[in-house]
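Since the structure comes first, as structure tokens, the remarks are kept for the end.
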Amino acid sequence: MDFDIECPECGTAVNVTLQDVGQRRTVRCRRGHSIKLEDQGGGARKAQKALDDLDRAIKRLGR
């Protein structure tokens with residue numbers, strides 16, 4: 001799942017994924033500012049796991 005966050009330095013939109021947040025990656029905005037992503041409380045990891053589980057369940061229905 002992709003979504004945009006705002007660069008805290010310049011306000012530029014930065015596209016990230018739940019996986020990026022869950023793995024606490026550092027991303028850069030178009031202007032080169034580094035943004036360290038945080039997954040406070042583990043919500044992004046839990047959401048990504050739920051989406052992965054749903055995807056597997058849907059694939060099993062197609063068999």
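Confirm whether Val21 is within 12 Å of the chain's Cα centre (by Cα), modelled with pLDDT of 95 or more and either of a type in the set (D, E, K, R) or open to solvent by less than 70 Å² (accessible area, probe 1.4 Å) (or both). Spell out the reasoning first.
On the way: within 12 Å of the chain's Cα centre (by Cα): yes; modelled with pLDDT of 95 or more: no; either of a type in the set (D, E, K, R) or open to solvent by less than 70 Å² (accessible area, probe 1.4 Å) (or both): yes.
Against the criterion (within 12 Å of the chain's Cα centre (by Cα), modelled with pLDDT of 95 or more and either of a type in the set (D, E, K, R) or open to solvent by less than 70 Å² (accessible area, probe 1.4 Å) (or both)), Val21 does not qualify.
Report, ordered by the first and then the second residue, all pairs with beta carbons closer than 6 Å, sequence separation of six or more or different chains, a first member in segment 1-15 that is of a type in the set (Ser, Thr, Tyr), and a second member that is assigned to a loop (DSSP other than H, G, I, E, B).
Pairs that qualify, where the first residue is of a type in the set (Ser, Thr, Tyr) and the partner is assigned to a loop (DSSP other than H, G, I, E, B), are Thr12/Cys29; Thr12/Arg30; Thr12/Arg31.
With respect to Val27, determine if the residue is surrounded by 12 or more Cβ atoms within 10 Å (Cβ to Cβ) and in a strand (DSSP E or B). Walk me through how you get there before you give the answer.
Values: surrounded by 12 or more Cβ atoms within 10 Å (Cβ to Cβ): yes; in a strand (DSSP E or B): yes.
Yes; evaluated as a whole, the condition is true for this residue.
Kindly provide the set of residues from segment 33-63 that are under 16 Å from the mean Cα position of the chain (by Cα), surrounded by 10 or more Cβ atoms within 10 Å (Cβ to Cβ) and in a helix (DSSP H, G or I), ordered by number. Break it down stepwise before answering.
Taking segment 33-63 and keeping what is under 16 Å from the mean Cα position of the chain (by Cα), we get 34-52.
Next cut, surrounded by 10 or more Cβ atoms within 10 Å (Cβ to Cβ) only: 34-35, 37, 39, 42-52.
Gly42, Gly43, Ala44, Arg45, Lys46, Ala47, Gln48, Lys49, Ala50, Leu51, Asp52, listed by residue number.
The values are calculated or read from the model by the stated rules, or taken from the named source; none is laboratory data. Predicted, not measured: the structure shown is a model, and the values here were computed from it. Cβ: placed from backbone, ideal geometry, glycine included. Neighbour counts: every protein chain shown. Only protein heavy atoms, including side chains, enter the accessible area calculation; ligands, DNA and RNA are left aside. Shrake-Rupley method; radii C 1.70, N 1.55, O 1.52, S 1.80 Å.
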